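Engineer: Here you go, one structure.
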Amino acid sequence: MRKVTAGLFSSIDGVVQAPNEWQQGFDEEMGAALTRMLEEQDAILLGRVTFTEWAGYWPTATDEPFATWINSTPKYVASTTLDSVDHWANSTLINGSVADFVAELRQQDGGTIGTGGSPTLVRSLIRHGLLDELTLMISPVVAGGGRARLFPDDATLTAFDLVEAQPTRTGTVIATYRPKR
C-alpha cells in the first residue's frame, strides 16, 4: 500500500497560510528535508486554493528545480468548485469523494503520495485515516491572527506519535508525526 504524506511550513502559533509572508529563513537542512520528501513522491494531492496559486506560477517557472518535478508529476486536485484543471499538464480533477479516491489511489502501485500546501485537504485526510505522516517545518515566529492555521480552534482531539525531530541552524524545527491508529 502506498503511503500518503503531508509537509507544511508552520509558525509556532500553527499558521500554515502564506509562509512566504512570515517565514524568516530557508536553510540547507530544510532544503534537504524537502528534497528527501520529493524524491519519495510520484504523485501529489492539491486542494483548490493551492492548485490555483501554483498553476498560475509553476508551469512557466521552468528554470527552477522544483518546477521540473511539479510540472511532470501527476497532480490530483480536490475541488468542488473547479470545472477543469486541464490548463496544467498532468493534472486530474477528483470527481466524487476525495476520501474514496485517495483510498483507491493508495492501493495502486507506486511511490509515496504527497500533499502540497492544502491544509483543508490535509485535515480531511487525517479525519478519514488516510494520512500516514505529517511533517511540519515549524519556524520560530508567531505569524499572528487573520491567517489560516492547520487546525482550527474547534478541531477534534487527534493523537500523533513523534517520529523524528530536527532543529535547523535558523531555529526551525522539522518535526515528523504519524497519526495514532
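Engineer: Tell me the residue from Val141, Val163 that is in contact with a strand residue (DSSP E or B) (Cβ under 6 Å, 6 or more places away or on another chain), in contact (Cβ under 8 Å) with a residue 12 or more places away in the chain, farther than 19 Å from Ala43 by Cβ and assigned to a loop (DSSP other than H, G, I, E, B), please.
Structural biologist: Numbers: Val163 fails: assigned to a loop (DSSP other than H, G, I, E, B).
Val141 is the lone residue from the list that is in contact with a strand residue (DSSP E or B) (Cβ under 6 Å, 6 or more places away or on another chain), in contact (Cβ under 8 Å) with a residue 12 or more places away in the chain, farther than 19 Å from Ala43 by Cβ and assigned to a loop (DSSP other than H, G, I, E, B).
Engineer: Give just the number: which of (1) over 25 Å from Gln41 (Cα atoms); (2) surrounded by 15 or more Cβ atoms within 10 Å (Cβ to Cβ) does Pro152 not satisfy?
Structural biologist: (2)
Engineer: Looking at (1) modelled with pLDDT under 95; (2) outside any loop (DSSP other than H, G, I, E, B), which one does Asp13 not meet, given that it meets all the others?
Structural biologist: Against the list (1) modelled with pLDDT under 95; (2) outside any loop (DSSP other than H, G, I, E, B), Asp13 comes up short only on (2).
Engineer: For the stretch 49-59, which residues satisfy the criterion of being loosely packed, with under 13 Cβ neighbours inside 10 Å and of a type in the set (Phe, Trp, Tyr)? Before the answer, list the steps.
Structural biologist: First, the residues of the stretch 49-59 that are loosely packed, with under 13 Cβ neighbours inside 10 Å: 56-57.
Across the stretch 49-59, the qualifying residue is only Tyr57.
Engineer: Let me spell it out: the conditions are (1) among the aliphatic types (A, V, I, L, M); (2) over 19 Å from the mean Cα position of the chain (by Cα); (3) buried (at least 20 other Cβ atoms within 10 Å of the Cβ), and Leu82 meets all of them except one. Which number is the exception?
Structural biologist: That leaves (3) as the condition not met.
Engineer: Which of (1) in contact with a Lys or Arg (Cβ under 8 Å, 6 or more places away or on another chain); (2) modelled with pLDDT of 95 or more; (3) not hydroxyl-bearing (Ser, Thr, Tyr) is the odd one out, the single condition Ala165 does not satisfy?
Structural biologist: (1)
Engineer: Of the residues that make up the stretch 60-73, is at least one crowded, with 17+ Cβ neighbours inside 10 Å, out of contact with any helix residue (DSSP H, G or I) (no Cβ under 6 Å at 6 or more places or on another chain) and of a type in the set (D, E, K, R)?
Structural biologist: No.
Engineer: Still on this model: With the requirement that a residue be β-branched (Val, Ile, Thr) and surrounded by fewer than 18 Cβ atoms within 10 Å (Cβ to Cβ), what does the stretch 90-140 give you?
Structural biologist: Initial filter on the stretch 90-140 (β-branched (Val, Ile, Thr)): 92, 94, 98, 102, 112-113, 115, 120, 122, 126, 135, 138.
Matches in the stretch 90-140: Thr92, Thr120.
Engineer: Output the strands (runs of 3 or more DSSP E) that fall wholly within the stretch 31-95 and possess 2 or more residues being in contact with a strand residue (DSSP E or B) (Cβ under 8 Å, 6 or more places away or on another chain) and free of Cβ contacts under 8 Å to residues at least 40 places away in the same chain, or say none.
Structural biologist: Details: elements: 41-47, 75-78, 91-93.
Output list reads 75-78, 91-93.
Engineer: Looking at the stretch 24-33, which of its residues are surrounded by 16 or more Cβ atoms within 10 Å (Cβ to Cβ) and at pLDDT 90 or above? I'd like the intermediate steps shown before the answer.
Structural biologist: First pass over the stretch 24-33, keeping only residues surrounded by 16 or more Cβ atoms within 10 Å (Cβ to Cβ): 26, 29-30, 33.
Hits for the stretch 24-33 are Glu29, Met30, Ala33.
Engineer: Here is a further query. Report yes if Leu8 is in contact (Cβ under 8 Å) with a residue 24 or more places away in the chain and in contact with a Phe, Trp or Tyr (Cβ under 6 Å, 6 or more places away or on another chain), otherwise no. Walk me through it before giving the result.
Structural biologist: Numbers: in contact (Cβ under 8 Å) with a residue 24 or more places away in the chain: yes; in contact with a Phe, Trp or Tyr (Cβ under 6 Å, 6 or more places away or on another chain): no.
The answer is no for Leu8.
Engineer: Any residue that is of a type outside the set (A, V, I, L, M, F, W, C) and closer than 20 Å to Phe51 by Cβ - is there at least one of those in the stretch 132-146? Full working, then the answer.
Structural biologist: First, the residues of the stretch 132-146 that are of a type outside the set (A, V, I, L, M, F, W, C): 132-133, 135, 139-140, 144-146.
Remaining after also requiring closer than 20 Å to Phe51 by Cβ: none.
Scanning the stretch 132-146 turns up no residue that is of a type outside the set (A, V, I, L, M, F, W, C) and closer than 20 Å to Phe51 by Cβ.
The values are calculated or read from the model by the stated rules, or taken from the named source; none is laboratory data. Remember, it's a predicted structure, so these values are computed and weren't measured experimentally. Using ideal geometry, Cβ is built from the backbone for each residue, glycine included, and neighbour counts are taken over all protein chains shown.
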